[in-house]
Amino acid sequence: MSEAVPKGEEVLLKEAVSKFVSTYNRKPLAAAAAPGRVNLIGEHVDYCEGFVLPVALPFFTVVVGSYNSTDECRVLSILASGQEVQTSFSSTESSSLQPGEPGWANYVKGVLANFPEKVKGLDAVIVSDVPMGSGVSSSASLEVAFFTFLEDLTKITVDPVKKAQLCQKAEHDFPGMPCGIMDQFIVTLGKKDHALLIDCRSLESKQVPMKCSDVVLLVVNSSVKHQLTGSEYPQRRAQCQQAADELGKPSLRSATIQDLSKLKCEELVLKRAKHVVEEITRTELVAQLLERKDYKEVGRLFYQSHESLSKLMEVSCPELDQLVDIMRSSDGVFGARMTGGGFGGCVIALIKKECLASLKSKVRSEYKGNPVFFECEPSDGARILKIE
């Protein structure tokens, strides 16, 4: 498959309800959906309190379910690949929930443990078409969808920013990933035809209009995910904090390029810090340029960002670099860059719509891997769904 086409919320909801009825012999009482996301620019800066500029994708995780009159939580998940996985745990007391196997269940447990109210035993079905392992945040989509489902089930409404923070804490506590706030924030607060400029220090945000009929955001999945030790992301976060500590600042958000000349740390830490400081500036500028529809300058900053992620943050890989190089030499491409945590995953490109078909053809013929394309139409964030 070289094209990833969203199924749509209604189709996913019908699948989830049908599976719930056939599995648990009753209709679900609550339902919710949350999208995936792609970051336009502002990579590896959210944990440094910088600015990020993501959009919500039209791929969704849908959760349906109801109470089951026991103390057991039973969850069945149908992955984007069609594979079905199940889990159950005997207690929904937040104090006794513990991380464990299967790994995917830790996202559910983390949300249950961080939900503001104790939740009784429940049955739930999760259906998703968010591509996994592609850097489009299937994990945050699951967390926020499950949290929003709990809001519908319990009739407790949580402030959206607080919801994003609680879902971020869930990922810290249970899967053990020290992620920044971006993923959960955009998945919660996304808006159709808009990007969201997020200040990761104040948690203020601004909707940036992105509707343009002749320009397309194209996401290209490299279809590779390099096996890592698991320390790469925490290591970079620690290196950035080391630089901030040496400068006597709470985070690199407060640092300038001039400040970095004062650092006496190893070259690797300096490279990480330089990327963060410059990427924060690029991100604010891209938000302004998008509002003016200055796509040529946006594209130039996309290429700058990719070079920095490849050479300074060192989170790119040969496949991502090749995809960006192919796009750089293609007609109608304003700019391209890797997006997500890196070491595989996706490239995002801003291109003229009239050049879309020829670009896809060129990538298929020149890229050494198996690319998967999906056009990115900025979507709405998480919401409760009505079950017919």
Original post:
What do you reckon, is Met177 open to solvent by 10 Å² or more (accessible area, probe 1.4 Å) and over 19 Å from Ala382 (Cα atoms)?
Top reply: yes
Subject >> Entirely in region 183-226, the strands (runs of 3 or more DSSP E) that have 1 or more residues that are under 21 Å from Lys352 (Cα atoms) and in contact with a Gly (Cβ under 9 Å, 6 or more places away or on another chain) >> reply: 215-225
Original post:
Going by the structure shown, is Gln165 at pLDDT 95 or above and open to solvent by 30 Å² or more (accessible area, probe 1.4 Å)?
Top reply: yes
Original post:
Could you say whether any residue in region 63-84 is in contact (Cβ under 8 Å) with a residue 12 or more places away in the chain, surrounded by fewer than 16 Cβ atoms within 10 Å (Cβ to Cβ) and small (Gly, Ala, Ser)?
Top reply: yes
Original post:
Among Val38, Val52, which is the only one that is β-branched (Val, Ile, Thr), farther than 22 Å from Tyr107 by Cα and in contact (Cβ under 8 Å) with a residue 60 or more places away in the chain?
Top reply: Val52
Subject >> Set Leu189, Leu217: member being within 23 Å of Ser316 (Cβ to Cβ) and within 17 Å of the chain's Cα centre (by Cα) >> reply: Leu217
**OP:** Have a look at Glu279, Glu232 and point out the one that is modelled with pLDDT of 95 or more and not hydrophobic (A, V, I, L, M, F, W, C).
**Re:** Glu279
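For every residue, the table says whether it meets (1) closer than 19 Å to Pro54 by Cα; (2) hydroxyl-bearing (Ser, Thr, Tyr); (3) without any contact (Cβ under 8 Å) to a residue 40 or more places away in the chain; (4) assigned to a helix (DSSP H, G or I).
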{"position": "Cys265", "(1), (2), (3), (4)": "no, no, yes, no"}
{"position": "Lys271", "(1), (2), (3), (4)": "no, no, no, yes"}
{"position": "Lys274", "(1), (2), (3), (4)": "no, no, yes, yes"}
{"position": "Leu289", "(1), (2), (3), (4)": "yes, no, yes, yes"}
{"position": "Val298", "(1), (2), (3), (4)": "yes, no, no, yes"}
{"position": "Leu301", "(1), (2), (3), (4)": "yes, no, no, yes"}
**OP:** Spot the failing condition for Glu284; the list is (1) part of a loop (DSSP other than H, G, I, E, B); (2) within 19 Å of Leu196 (Cα to Cα); (3) modelled with pLDDT of 95 or more, and only one is missed.
**Re:** (1)
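The values are calculated or read from the model by the stated rules, or taken from the named source; none is laboratory data. Source: prediction; values computed, not measured. Cβ sites come from the backbone with ideal geometry, for glycine too, and all protein chains shown count toward neighbours. Areas reflect the complete protein model, heavy atoms only, side chains present, ligands, DNA and RNA absent. Shrake-Rupley method; radii C 1.70, N 1.55, O 1.52, S 1.80 Å.
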